[in-house]
Amino acid sequence: MSQVSFDFQGMSVVVTGGARGIGAGIGAVFAAAGAEVTVWDRDPAAFTGTWHPALVVSADVTDEASLAAAMTQTLRTVGAVDVLVSSAGITGPVGPLWECGADDWRRVVDIDLTGAFLAAKTVVPHLRERGSGRIITIASIAGKEATASLSAYTAAKHGVVGMTKALARELVRDGVTVNAVAPVMVETELFSQLTDDFIERTRALIPMGRFLTVDEVAATVAWIASDLCGFTTGQVFDLSGGRADY
């Protein structure tokens, strides 16, 4: 079977939360395919990838002014944005809802859901003006199914799914597609926020019996951003190893 390769030469991609983890892996795939990749991250010094972004910008996805400044700097440096990958996120505390503090709840929702909203709000006017573009949000299996012991994260990712579908309808005639991916747990440094018991219980829910890899997420995101996926919008692509079948 011949291998499909992506060509993003001449394209500009913004990845929020791109300094590490899934975001960095996604950025690496786009960069390898010729794109100019700009990383927006609250901690730009955390970038340790072996690939070379066009720009790494300090940006807080919960702060509209911070994102506006990042957009201005991005356009000044690379000239345009073709693709937004909204990857910034945290898992938050593990435990039953009644033990989740209100501040913890707000922090998860602010970063995972409001952050995706503000990033899209920042980039959409530019994409509409150009008459083309891709927005890809990183949702979660928690956005399709309930995940016990992660109530804030589950609520936020359900919100990301709903926002993605609504925005896709709003932009459907503007040449901009909006889709999401819904991964199961990916083995990254976010594991440090979770208990061993939670990790093993989560692995047991995946019929394939293993966790998803960053490379698998990145390849799917690249396909959604490519011309091969130009007629699909408002969809949530399952990356669950058989856990979700709808």
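The values are calculated or read from the model by the stated rules, or taken from the named source; none is laboratory data. None of the values given here were measured: they were computed from a predicted structure. All Cβ positions, even for glycine, are placed from backbone atoms using ideal geometry, and neighbour counts span all protein chains on display. These area figures cover heavy atoms from the full protein model, side chains too; ligands, DNA and RNA do not enter into them. Shrake-Rupley method; radii C 1.70, N 1.55, O 1.52, S 1.80 Å.
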| task | Before anything else, pin down the relative contact order of the chain: Cα pairs under 8 Å, at least 6 apart, normalised by residue count, whole percent. | result | 19 percent
| message | At 1.4 Å probe size, put K144, K165 in order of accessible surface, largest to smallest. | response | K165, K144
| task | List, in order, the whole-Hz ³J(HN,Hα) value for each residue of segment 139-146 obtained from phi through the Karplus relation with A = 6.51, B = -1.76, C = 1.60 and θ = phi - 60°; use x for Gly and Pro. | result | 8, 5, 4, 5, x, 10, 10, 6
| field | Positive-pole candidate from V123, T16, V176, dipole of the chain, charges at beta carbon | value | V176
| Residues D174 and A54, FRET efficiency given R0 of 25 Å [Cβ-Cβ distance, rounded to 0.05] | 0.50
| query | Computed FRET efficiency, Cβ-Cβ of R203 and R76, R0 30 Å: what is it to the nearest 0.05? | reply | 0.10
| request: Using a 1.4 angstrom probe on heavy atoms only, work out the carbon and sulfur share of the accessible area of the chain in %. | output: 53 percent
| Heavy-atom accessible area per residue - the chain, 1.4 Å, Å² | 47 Å²
| said: Could you check the spin-label model distance between A65 and D104? Points 7 Å from the Cα along Cα→Cβ, value in nm. | reply: 3.1 nm
| said: Quick check: the angle from helix 214-225's long axis to the longest principal axis of the chain, C-alpha only, nearest 10 degrees? | reply: 40 degrees
| How long, wide and thick is segment 137-227, going by the Cα atoms along their three principal axes, in whole angstroms, largest first? | 47, 27, 23
| said: For a quick check of understanding: with a 1.4 angstrom probe and all protein chains in place, what accessible area in square angstrom does L75 have, to the nearest ten? | reply: 60 Å²
| request: For the chain, find the longest principal axis of its Cα atoms and tell me its angle to the long axis of helix 21-32, 0 to 90°, nearest 10. | output: 30 degrees
| remark: The ratio Rg/Rh over the Cα atoms of the chain, Rh being the Kirkwood inverse mean 1/r radius, stands at 0.95
| request: Please identify, among D112, D174, D103, the residue showing maximal mean-square fluctuation in a Gaussian network model of the chain using a 10 angstrom Cα cutoff. | output: D103
| field | Cα extents of segment 26-161 along the three principal axes, largest first (Å) | value | 48, 33, 26
| Largest to smallest accessible area among S149, S58 [probe 1.4 Å] | S58, S149
| query | So how strong a dipole does the chain carry about its Cα centre when Lys and Arg Cβ are +1 and Asp and Glu Cβ are -1, to the nearest 20 debye? | reply | 520 debye
| said: Suppose every Lys and Arg Cβ carries +1 and every Asp and Glu Cβ carries -1, with no other charges. What dipole size does segment 60-142 come out with about its Cα centre, to the nearest 20 debye? | reply: 440 debye
| field | Proportion of all alpha-carbon pairs of segment 1-102 beyond 19 Å (%) | value | 45 percent
| task | Report, by chain and number, residues whose modeled amide H sits under 5 Å from the one on L239, excluding near sequence neighbours (fewer than 5 apart, same chain). | result | A182, V184
| Say each of F191 and W223 gets a label point 7 Å from the Cα, pointing the same way as Cα to Cβ; how far apart are those two points in nm? | 2.5 nm
| field | Largest-first ordering by accessible area, 1.4 Å probe, given options H52, H126, H158 | value | H52, H158, H126
